[in-house]
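The values are calculated or read from the model by the stated rules, or taken from the named source; none is laboratory data. Bear in mind that the values here come from a model prediction, so they are computed numbers and not experimental data. Here the Cβ is made from the backbone with ideal geometry for all residues, glycine too, and neighbour counts use every protein chain on show. In case anyone asks, the SASA skips ligands and DNA or RNA and just uses the protein heavy atoms, side chains included. Shrake-Rupley method; radii C 1.70, N 1.55, O 1.52, S 1.80 Å.
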Amino acid sequence: MSTSLDKTSLQKITAHIGARVHGIDPAADLSDDTVAFLRDALGEHKALVLDAPGLDAAGQERFAARFGELTTAHPTVPGGETPNVLDVDSDINKANEWHTDVTFVVNPPAISTLRSIVIPPYGGETLIASSAAAYASLPEPLRAFADTLWAVHTNVYDYAEPRPRRTAEAAYRETFESTPYESVHPVVRVHPETGERGLFIGGFVRGIEGLSTTESRDVLRLLQAHVTKPEHVLRWSWQPGQLLVFDNRITQHYAIDNYDDQPRRLSRITVSGDVPVSVTGQRSRALLGDSSHYSAVPERSAAA
Ligand SMILES: [Fe+2]
């Protein structure tokens, strides 16, 4: 048994989401017990924050790899310092839209890790919402309705939205969309480890199967309002040298653009995920694009 856990503690940040982890240095070699502790804590709290003053890109990779195989940086955006690192850089892109990472592929990442490098003197917080709390807060008839729905997710932007004004942002979007991907996921996903149900929607959803564009928008607006209810959201104010780990299977997040044009830089590394499963045990399916260079699609497990 590792003695490191004796000094470890969790400090809850909100009722539904978020905990600070004290006494674990993510730059250190972690024991199996410590990794199991963090995995359990992530299942319960959905998002964990660790102080990581000495952590570099290689250390972040080592840490993330303890939770599973890593994805490459992104299906279409090239890696940064290593092929697994996605540079999150306000000069290039500001992710100020509610989303779950890379849901346009058939097996989106299980876990996302974000390491803060340059943080503006004000603003730049990350919001993370518990989609489990969102699902649980729905009235029973709406839960039963949501259980039956499937949504199409894609990386090709909805051009009803305004085009970016900045050249760098426009170029990023062009790269982002360079290979189109489309996948169909259950609107209610059963978490593969905890069995919890969560609303699995977010910014890459372009419609609900079987509904018109207008009907889809109305249904999504209703469900998304539950995801983003303040009670379900952690608002994390960054310091440089921190590591935020969140369960991408049961959360959404949003980077608030409230820091003027000051630099904000983080490094993202993600852990491969399984293929989502609905409440009736049906798996998501890919409609368009081969993402195997990004994240190998696991074989169907016996339980699924
Ligand atoms: Fe993201």
Check: Only one of (1) modelled with pLDDT of 95 or more; (2) open to solvent by less than 60 Å² (accessible area, probe 1.4 Å) is not met by Glu44, so which one is it?
Finding: (2)
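For Val49, are the conditions met, namely being within 19 Å of Ile119 (Cβ to Cβ), β-branched (Val, Ile, Thr), at pLDDT 95 or above and out of contact with any Cys (no Cβ under 6 Å at 6 or more places or on another chain)? Steps first, please.
On the way: within 19 Å of Ile119 (Cβ to Cβ): yes; β-branched (Val, Ile, Thr): yes; at pLDDT 95 or above: yes; out of contact with any Cys (no Cβ under 6 Å at 6 or more places or on another chain): yes.
Judged against the criteria, Val49 is a match.
Going by the structure shown, is Phe67 assigned to a loop (DSSP other than H, G, I, E, B) and touching a Gly at 6+ places or on another chain (Cβ under 9 Å)? Lay out the reasoning, then the answer.
Details: assigned to a loop (DSSP other than H, G, I, E, B): yes; touching a Gly at 6+ places or on another chain (Cβ under 9 Å): no.
Answer is no for this residue.
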Check: Considering only residues of the stretch 109-168 that are modelled with pLDDT under 95 and aromatic (Phe, Trp, Tyr), which is least open to solvent (accessible area, probe 1.4 Å)?
Finding: Tyr157
Checklist line | Search result, residues across the stretch 251-268 that are buried (at least 21 other Cβ atoms within 10 Å of the Cβ) and within 12 Å of the ligand (Cβ to nearest atom) | finding: Thr251, Gln252, His253, Ala255, Leu266, Arg268
Notebook entry, point to check: Does the stretch 17-37 contain at least one residue that is open to solvent by 70 Å² or more (accessible area, probe 1.4 Å) and of a type in the set (Lys, Arg)?
Noted result: no
Next item on the list: Please enumerate the residues belonging to the stretch 85-105 that are outside any loop (DSSP other than H, G, I, E, B), within 11 Å of the ligand (Cβ to nearest atom) and open to solvent by 30 Å² or more (accessible area, probe 1.4 Å).
Entry: Val88
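Quick grid of which residues meet (1) at positive phi; (2) within 15 Å of the ligand (Cβ to nearest atom); (3) in a loop (DSSP other than H, G, I, E, B):
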site: Pro108; (1), (2), (3): no, yes, yes
site: Thr113; (1), (2), (3): no, yes, no
site: Pro121; (1), (2), (3): no, no, yes
site: Ala151; (1), (2), (3): no, no, no
site: Ala170; (1), (2), (3): no, no, no
Item checked: Those strands (runs of 3 or more DSSP E) lying entirely in the stretch 172-252 with at least 1 residues out of contact with any helix residue (DSSP H, G or I) (no Cβ under 7 Å at 6 or more places or on another chain) and within 30 Å of Ala41 (Cα to Cα) -> 182-186, 188-190, 233-236, 242-247
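One line per residue, one yes/no per condition, for (1) aromatic (Phe, Trp, Tyr); (2) over 20 Å from the mean Cα position of the chain (by Cα); (3) closer than 20 Å to Pro141 by Cα:
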| site | (1), (2), (3) |
| --- | --- |
| Thr167 | no, yes, no |
| His185 | no, no, no |
| Gly198 | no, no, yes |
| Arg235 | no, no, no |
| Gln242 | no, no, no |
